[in-house]
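A.B. asks: Quick one: structure below, then a few questions.
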Amino acid sequence: MTSLVRRYLKTGIAFLAVGLLLGGWMMVRRELAGVYPPPYLVSAHTHAILVGFVMLMILGVALWMFPRPEKGDMRYSPRAAEAAYWLVASGTGARVLGELLRPAVGAAWLRWAVVLAGLAQIAGLATFFHTMWSRIRPVGSQAREARGERF
């Protein structure tokens, strides 16, 4: 397992911890104080779990498990996979933080920061799947299927 794969997975686990803490806090406030969470808090929780945890885990496992790039593959780039990590991780972190600050800070710069963080998430995911596209191919399964193996 490469260091980049470990970084994807460990960052995903860190976002899971953040998401669980936010979710637990929202549940306690709702059930014990009757205070329902504002939309920005729900959005922060959702992005921490779904993008920060789920997507980073999926991307890390894909990077680890997909077949190696073929010799001469010009589409796959380790640098692009690294850039995708930074875009998704920093975009998600900024998005979560920005959503948490929004109820207290209504400034235009924070609204723009949230939008830019969301665009960084999109760019990171697009970059990752662009560079990984050529690695989504059968390796060995075609030969097994030709022999009549079913799986």
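Nothing in this text is a laboratory measurement; each read-out follows from the coordinates by a stated rule. Worth saying up front: this structure is predicted, and the values here are computed from it rather than measured. Because the Cβ atoms are built from the backbone with ideal geometry, glycine has one as well, and the counts that use them run over all protein chains shown.
A.B. asks: Only loop residues by DSSP count here, and only those with at most 10 other Cβ atoms within 10 Å; note down the trypsin sites (Lys or Arg not before Pro) in the stretch 70-151 that meet that.
C.D. replies: Lys71, Arg147, Arg150
A.B. asks: Quick one: plug the Kirkwood hydrodynamic radius of the stretch 66-127 (C-alpha pairs) into Stokes-Einstein at 4 °C, 1.567 mPa s, and report D in µm²/s.
C.D. replies: 100 µm²/s
A.B. asks: State the label only: which of (1) 11, 32, 27, 17, 9, 4, 0; (2) 11, 44, 39, 6, 0; (3) 9, 32, 33, 19, 6, 2 corresponds to P(r) over Cα pairs in 10 Å bins from 0, in percent computed from the shown model?
C.D. replies: Computing P(r) over Cα pairs in 10 Å bins from 0, in percent and matching it to (1) 11, 32, 27, 17, 9, 4, 0; (2) 11, 44, 39, 6, 0; (3) 9, 32, 33, 19, 6, 2 gives (1).
A.B. asks: Using 1/(1 + (r/R0)^6) with R0 = 41 angstrom and r between the beta carbons of Ala14 and Val115, what's the FRET efficiency to the nearest 0.05?
C.D. replies: The calculated FRET efficiency here is 0.95.
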